[in-house]
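Colleague: Below you will find the structure I want to go over with you.
The values are calculated or read from the model by the stated rules, or taken from the named source; none is laboratory data. All figures in this text were calculated on a predicted structure; none of them were measured in a lab. With ideal geometry, Cβ positions are generated from the backbone for all residues, glycine too; neighbour counts draw on all protein chains shown.
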Amino acid sequence: MSYNSFEDLEVWKRSCRLAVDLYELLEDCRDYGLKNQMTRAAVSVASNIAEGAERGSAAEYIRFLDISKGSTAELRTQLYISQRIKLMPAESCNELIKELKEISSMLHGLIRSKEE
């Protein structure tokens, strides 16, 4: 998979969109603790893709992609909790969870390509 910059990666673009969508959904949220955790995890996904891409070695890139993938699981967990406590509408949570699963799969594929 060849690219000039992390900005060219579809997984990075989708991760950024997801973070913006989450911020918009949580705009009026008064549960500041969970809101902070969720937004930090969302921003972490895209940020670690970018940071890893700018590192000097494939091993470091993979490490940051692994961190990004972990953040997708963290955010999915927080979304399941948000749904159960009725912090966010179930439909919104389900859409974000679906997108996070796809992003996680894309990250897995990118990791595999860097391991070869």
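Colleague: Tell me, which residue of segment 63-107 that is over 15 Å from the mean Cα position of the chain (by Cα) and β-branched (Val, Ile, Thr) is farthest from Asp21 (Cα to Cα)?
Modeller: Of everything passing the filter in segment 63-107, Ile85 is farthest from Asp21 (Cα to Cα).
Colleague: Checking Trp12 against (1) surrounded by 14 or more Cβ atoms within 10 Å (Cβ to Cβ); (2) closer than 19 Å to Ile97 by Cβ, which test does it fail?
Modeller: All conditions pass for Trp12, except number (2).
Colleague: Based on what the data block shows, is Gly109 small (Gly, Ala, Ser) and loosely packed, with under 14 Cβ neighbours inside 10 Å?
Modeller: yes
Colleague: Right, here's the next one. So which of Ser68, Ser57, Ser92 is under 17 Å from Lys13 (Cβ atoms) and among the hydroxyl-bearing types (Ser, Thr, Tyr)?
Modeller: Ser68
Colleague: Out of Asp66, Asp28, report the one residue that is of a type in the set (Asp, Glu) and touching a Leu at 6+ places or on another chain (Cβ under 9 Å).
Modeller: Asp66
Colleague: Show the residue pairs that are 6+ apart or on different chains and have beta-carbon atoms under 8 Å apart, the first residue being within segment 98-116 and closer than 15 Å to Glu60 by Cα, the second being surrounded by 20 or more Cβ atoms within 10 Å (Cβ to Cβ) and of a type in the set (Val, Ile, Thr).
Modeller: If the second residue must be surrounded by 20 or more Cβ atoms within 10 Å (Cβ to Cβ) and of a type in the set (Val, Ile, Thr), the pairs left are Leu107/Val11; Leu107/Ile49; Leu107/Thr72; Leu110/Val11.
Colleague: In addition: Got a number for residues in segment 1-34 being within 15 Å of the chain's Cα centre (by Cα) and under 19 Å from Arg76 (Cβ atoms)?
Modeller: Counting residues in segment 1-34 that are within 15 Å of the chain's Cα centre (by Cα) and under 19 Å from Arg76 (Cβ atoms) gives 12.
Colleague: Between Glu27, Glu7, which is of a type in the set (D, E, K, R), loosely packed, with under 13 Cβ neighbours inside 10 Å and touching a helix residue (DSSP H, G or I) at 6+ places or on another chain (Cβ under 9 Å)? Full working, then the answer.
Modeller: Values: Glu27 fails: touching a helix residue (DSSP H, G or I) at 6+ places or on another chain (Cβ under 9 Å).
Every option except Glu7 fails the conditions.
Colleague: Moving to a separate point now. Kindly indicate whether any position in segment 73-94 is under 20 Å from Glu7 (Cβ atoms), modelled with pLDDT of 95 or more, out of contact with any Gly (no Cβ under 8 Å at 6 or more places or on another chain) and surrounded by 14 or more Cβ atoms within 10 Å (Cβ to Cβ).
Modeller: No, segment 73-94 contains no residue that is under 20 Å from Glu7 (Cβ atoms), modelled with pLDDT of 95 or more, out of contact with any Gly (no Cβ under 8 Å at 6 or more places or on another chain) and surrounded by 14 or more Cβ atoms within 10 Å (Cβ to Cβ).
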